[in-house]
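The values are calculated or read from the model by the stated rules, or taken from the named source; none is laboratory data. These numbers were taken from a predicted model, which means no experiment stands behind them. For neighbour counting, all protein chains shown are included, and Cβ atoms are generated from backbone atoms with ideal geometry for every residue, glycine included. Each accessible area value is taken on the protein alone, full model and side chains, heavy atoms only, with ligands, DNA and RNA left out. Shrake-Rupley method; radii C 1.70, N 1.55, O 1.52, S 1.80 Å.
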Amino acid sequence: MAISVVGAGTLATGTGDVTPGLPSGWAVGDIHHLYVSTANEAVSTPSGWSTLTNSPESTGTAAGADGIRLTIFWRRAESGDTAPTVTDAGNHTAARILGFRGCLATGDPHDVTSGDVVSVASDVCTFTGVTTTVTNTVLVHAN
């Protein structure tokens, strides 16, 4: 089965706790990625989620105008799942969940990961060289 994008849940933003929505049409076994952006402030891992390898990536001063941090969590969808709460990071928090279907059915479905930091003032982002080691993979570039 080819890997496909199920969809994106609702974006949640705020200066307190936020709860991003699950993607519409998700099913048991889908892989969910939870993307959390802050002003270079740490966030706690939501219950039942795991931090993606090479995450987070950050630059700038915590809570400062030049601060940015992207943290990515993942989980395999289970029956009865509800949207997670991402606890207040401090300055602000923005979070969204993307769902993927057709991934490996057991274990960590991520073949390789990579991370990099881009200046907040730059509009250029390079997807550093990543080589997959198995067939039927998808590349996801988040910034």
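Of the strands (runs of 3 or more DSSP E) contained entirely in the stretch 1-46, those carrying at least 1 residues that are open to solvent by 40 Å² or more (accessible area, probe 1.4 Å) fall at 4-8, 12-14. Taking each residue of the stretch 132-143 that is surrounded by fewer than 12 Cβ atoms within 10 Å (Cβ to Cβ) and looking for partners that are at pLDDT below 70 with beta-carbon atoms closer than 9 Å, six or more apart or interchain, yields Leu139/Phe127; His141/Cys125; His141/Phe127.
Do the conditions hold for Asp88, that is, is it open to solvent by 30 Å² or more (accessible area, probe 1.4 Å) and modelled with pLDDT under 90? Here the answer is no, as Asp88 does not meet what is asked. What about Ala105, is it loosely packed, with under 15 Cβ neighbours inside 10 Å, at pLDDT below 95 and closer than 22 Å to Leu22 by Cα? Answer is yes for this residue.
For the stretch 55-99, a residue qualifies if it is of a type in the set (Ser, Thr, Tyr) and either in contact with a helix residue (DSSP H, G or I) (Cβ under 7 Å, 6 or more places away or on another chain) or outside any loop (DSSP other than H, G, I, E, B) (or both), and the qualifying residues are Ser58, Thr59, Thr71, Thr93. If you take the residues in the stretch 91-100 that are touching a Phe, Trp or Tyr at 6+ places or on another chain (Cβ under 8 Å) and over 16 Å from Ala27 (Cα atoms), which one is most open to solvent (accessible area, probe 1.4 Å)? It comes out as Arg96.
Among the residues of the stretch 47-62, those that are more than 19 Å from Pro109 (Cβ to Cβ), open to solvent by 40 Å² or more (accessible area, probe 1.4 Å) and touching a residue at least 60 places away in the same chain (Cβ under 8 Å) comprise Glu57, Thr59.
For the stretch 63-85, name all the residues that are over 24 Å from Gly29 (Cα atoms) and open to solvent by 60 Å² or more (accessible area, probe 1.4 Å). Passing the criteria: Ala65, Asp66, Ile68.
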